[in-house]
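Structure in structure tokens, see below.
Throughout, read-outs are computed from the coordinates displayed, never taken from laboratory work. These numbers come from a predicted model, not from an experiment. Neighbour counts run over all protein chains shown; Cβ positions are idealised from the backbone, glycine included.
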Amino acid sequence: MHFFRLRDQLVRDLPRHCAALVAARSRDPALAFDTPGALRIALCDRDPATFPQRDVLVRSVLAEHRRQSHPLWPALLIVAFSPLLMGLRRRIATSAPTELDQALLVAFLESVERVPLRKNIAARLRCATERAIFRALGREQRRQARTTSLDAEVEVSVRLPRALVDDAEDATSISITEVRRRAPPDQPNAAAQREVA
């Protein structure tokens with residue numbers, strides 16, 4: 001699902017979770033809001049003057065999320081931090097935006113579980129999310145590079161038996177064509193040269 005649609009769906013679903021907010025209000029006075037929508041507005045406020053209050057709110061929401069697993073808390077955090085997530089999404093070039101959206105959400109939610117509940121929580125959460133997404137993307141890139149190079153090596157080592165082909169030149173050209181089709185885009189000639197040798 002595209003990130004904008006997910007965020008909009010989460011905002012539409014917030015009113016369904018009033019009971020969780022009512023229960024949390026009794027435990028944490030910082031969450032004394034009438035509705036999840038009002039809490040969302042306070043969390044999404046970008047006025048620098050309200051930073052200390054937002055920091056307390058984010059810590060309270062994170063604490064509630066860790067205390068009880070309820071869909072309200074991650075939904076509020078995803079919506080509140082959507083500008084951060086969209087900024088990261090714009091910084092990362094990809095041909096698979098849906099997969100990137102999923103990876104960003106996973107990295108963010110992993111960070112939500114791990115970041116310490118201290119002051120300046122928004123910056124801590126941003127840094128942890130950036131580290132998590134770039135670490136995940138690096139692992140995926142290395143995995144793809146290994147898979148691609150293994151595919152190319154397997155193709156290079158396979159040769160058609162000369163007895164199956166009337167002309168030895170045809171056997172070489174068929175093998176080169178197969179290697180070019182499977183080799184990484186940046187190395188087609190190197191793979192073909194190894195086959196000819």
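Would you pick out the residues in region 90-115 that are under 24 Å from Glu64 (Cβ atoms) and out of contact with any Lys or Arg (no Cβ under 7 Å at 6 or more places or on another chain)? Full working, then the answer.
First, the residues of region 90-115 that are under 24 Å from Glu64 (Cβ atoms): 104-115.
Leu105, Val106, Ala107, Phe108, Leu109, Glu110, Ser111, Val112, Glu113, Arg114 - these are the residues of region 90-115 that are under 24 Å from Glu64 (Cβ atoms) and out of contact with any Lys or Arg (no Cβ under 7 Å at 6 or more places or on another chain).
Turning to a different aspect of this structure: Of the residues that make up region 65-82, is at least one assigned to a loop (DSSP other than H, G, I, E, B), among the aromatic types (Phe, Trp, Tyr) and without any contact (Cβ under 8 Å) to a residue 60 or more places away in the chain? Working first, answer last.
To start, the set of residues in region 65-82 that are assigned to a loop (DSSP other than H, G, I, E, B) comprises 68-71, 81.
Next, from what is left, pick out any that are among the aromatic types (Phe, Trp, Tyr): 81.
If we keep only those that are without any contact (Cβ under 8 Å) to a residue 60 or more places away in the chain too, we end up with 81.
Scanning region 65-82 turns up at least one residue that is assigned to a loop (DSSP other than H, G, I, E, B), among the aromatic types (Phe, Trp, Tyr) and without any contact (Cβ under 8 Å) to a residue 60 or more places away in the chain.
Output the residue which, of all residues in region 18-75 that are of a type in the set (D, E, K, R) and within 24 Å of Arg5 (Cβ to Cβ), is surrounded by the most Cβ atoms within 10 Å (Cβ to Cβ). Outline the logic, then answer.
Of the residues in region 18-75, the ones of a type in the set (D, E, K, R) are 25, 27-28, 34, 40, 45-47, 54-55, 59, 64, 66-67.
Checking the rest, the ones that are also within 24 Å of Arg5 (Cβ to Cβ) come to 40, 45-46.
Numbers: Arg40: 19, Asp45: 15, Arg46: 8.
Result: Arg40.
Conditions tested, residue by residue: (1) on the phi > 0 side of the Ramachandran plot; (2) of a type in the set (D, E, K, R); (3) in contact with a helix residue (DSSP H, G or I) (Cβ under 8 Å, 6 or more places away or on another chain).
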site: Pro52; (1), (2), (3): no, no, no
site: Asp55; (1), (2), (3): no, yes, yes
site: Trp73; (1), (2), (3): no, no, yes
site: Val79; (1), (2), (3): no, no, yes
site: Pro83; (1), (2), (3): no, no, no
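Cβ-Cβ under 7 Å, sequence separation 6+ or interchain: first residue in region 37-59 and over 22 Å from Ser111 (Cβ atoms), partner assigned to a helix (DSSP H, G or I). Which pairs?
These pairs meet every condition: Gly37/Leu14; Gly37/Pro15.
Something else now. Name the residues in region 105-133 that are among the basic types (Lys, Arg), under 19 Å from Pro48 (Cβ atoms) and not in a helix (DSSP H, G or I), would you? Spell out how you get there, then give the answer.
Of the residues in region 105-133, the ones among the basic types (Lys, Arg) are 114, 118-119, 124, 126, 131.
Subset that is under 19 Å from Pro48 (Cβ atoms): 119, 124, 126.
Answer for region 105-133, where residues must be among the basic types (Lys, Arg), under 19 Å from Pro48 (Cβ atoms) and not in a helix (DSSP H, G or I): just Lys119.
Select from region 42-70 the residues that are over 25 Å from the mean Cα position of the chain (by Cα) and among the hydrophobic types (A, V, I, L, M, F, W, C) and list them in ascending order. Can you show your working first?
Step one: list which residues in region 42-70 are over 25 Å from the mean Cα position of the chain (by Cα), which gives 42, 47-53, 56.
Answer for region 42-70, where residues must be over 25 Å from the mean Cα position of the chain (by Cα) and among the hydrophobic types (A, V, I, L, M, F, W, C): Ala42, Ala49, Phe51, Val56.
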